[in-house]
Amino acid sequence: MTNDLENDHRPLPVVLRPVADELLSSWLVRHAAYYGVTGPFFAKWLRLGTPNLSTLDHRLGLEQVARLSEKLRCDPVTLIAMTFVGATSQSAELICRGRVPQMCRACADRHAREGASGAVPRHWRKAWRVTCPACGVALSDTNERPNTRETLRETSPFGGLWREALAGEAIIERFLRGDCSFELSPIALMRALLVQTWRPFGANGCNPIIGWALGTLIPEFDELARPIKRRINHAAVASLPISFRPALLAGLSRAIADPAVLNAIRDETILRGRRAFERLREQARIDAHAAAKSHPT
């Protein structure tokens, strides 16, 4: 019995080194592979209270932290930093769940060379990124084009908006880091731009067809988005296919650079879409004000 208790509290003989910004679940899955067991079996052996290691990226209890810290010889603060547990409510809604939608091929190759094949950094789940913060390379779409070596800049139909998309990415980063200069929350504006509306179709303006607020700024967005309209929802920005992300970020950068364009968007958005757009634009103002108060200069 004594020996069993000693083994239960004994650290793992080999603890793998995490890659920069690695997700906790990714690190644990790599340990499971190293010891030749499945992720659920490893979670059970660690007595984490859940067979799904990915849940720890968003919910991590004190007992789980203590257990992992003991078995993996890791500082609790470092463990928590490998998760999204401390994410603000605004950034949390921009964290992708399920399958990782994007990756940096250059970093993935480097991880493999360094013996950390399959490692998943946290920024591969951030739905406002189009470039890798570690090396600056454009990310690649893992859902639509899993085997291509091309990056999002080449595969997205909105690659021509790349410079504006980079500006939009930088805007979100600045806002989440506490930049108080914004009159409107960029995150709420992203939701507003994905509000669904209707647009006149045909020479006489009859037979309206579905569109989005973003289509006022980038008309081709409507045409390309209609076939997958069920996947585009202003209440779930993180579920937007990554190939459409450059268009959303480009639209955001235009709206931030010239808030007057929001009036033009409102005028082109009708029925329930207009009401939703107006509500989210007001929410953007409220959220920006709240963020400024929480980060006083």
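Here are a few things to note about the model shown:
- Residue pairs meeting the criteria (Cβ under 6 Å; at least 6 apart or on separate chains; first farther than 18 Å from A276 by Cα, in the range 231-246; second assigned to a helix (DSSP H, G or I) and modelled with pLDDT of 95 or more): P246/L161; P246/A165
- Restricted to the range 155-195, and to residues there that are among the basic types (K, R) and under 21 Å from P219 (Cβ atoms), the residue that is surrounded by the most Cβ atoms within 10 Å (Cβ to Cβ) is R191.
- Residue that is of a type in the set (G, A, S), farther than 24 Å from M103 by Cβ and surrounded by 14 or more Cβ atoms within 10 Å (Cβ to Cβ), where the choices are A235, A276: A276
- Boolean, I218 is surrounded by 13 or more Cβ atoms within 10 Å (Cβ to Cβ) and outside any helix (DSSP H, G or I): yes
- Consider the range 62-86 and keep the residues that are touching a helix residue (DSSP H, G or I) at 6+ places or on another chain (Cβ under 6 Å) and of a type in the set (V, I, T). The one that is nearest to E22 (Cα to Cα) is T83.
- Here is the figure for the range 210-254: residues that are of a type in the set (V, I, T) and within 15 Å of A192 (Cα to Cα) total 4.
- Of all the numbered requirements in (1) touching a residue at least 24 places away in the same chain (Cβ under 8 Å); (2) surrounded by 17 or more Cβ atoms within 10 Å (Cβ to Cβ); (3) part of a helix (DSSP H, G or I), R266 misses one, and that requirement is (1).
- Residue identified as in contact with a strand residue (DSSP E or B) (Cβ under 9 Å, 6 or more places away or on another chain) and not in a helix (DSSP H, G or I) among V37, V100, V85, V19: V19
- All of W198, W212 fail the test of being modelled with pLDDT under 90 and either touching a strand residue (DSSP E or B) at 6+ places or on another chain (Cβ under 8 Å) or within 18 Å of G273 (Cα to Cα) (or both), apart from W198.
- Leading residue by the ranking (nearest to G98 (Cα to Cα)) among those in the range 34-47 that are of a type outside the set (F, W, Y) and loosely packed, with under 15 Cβ neighbours inside 10 Å: P40
The values are calculated or read from the model by the stated rules, or taken from the named source; none is laboratory data. Every value quoted in this text rests on a predicted model; they were computed, and no experiment measured them. Virtual Cβ from ideal backbone geometry, glycine too; neighbours counted across all protein chains shown.
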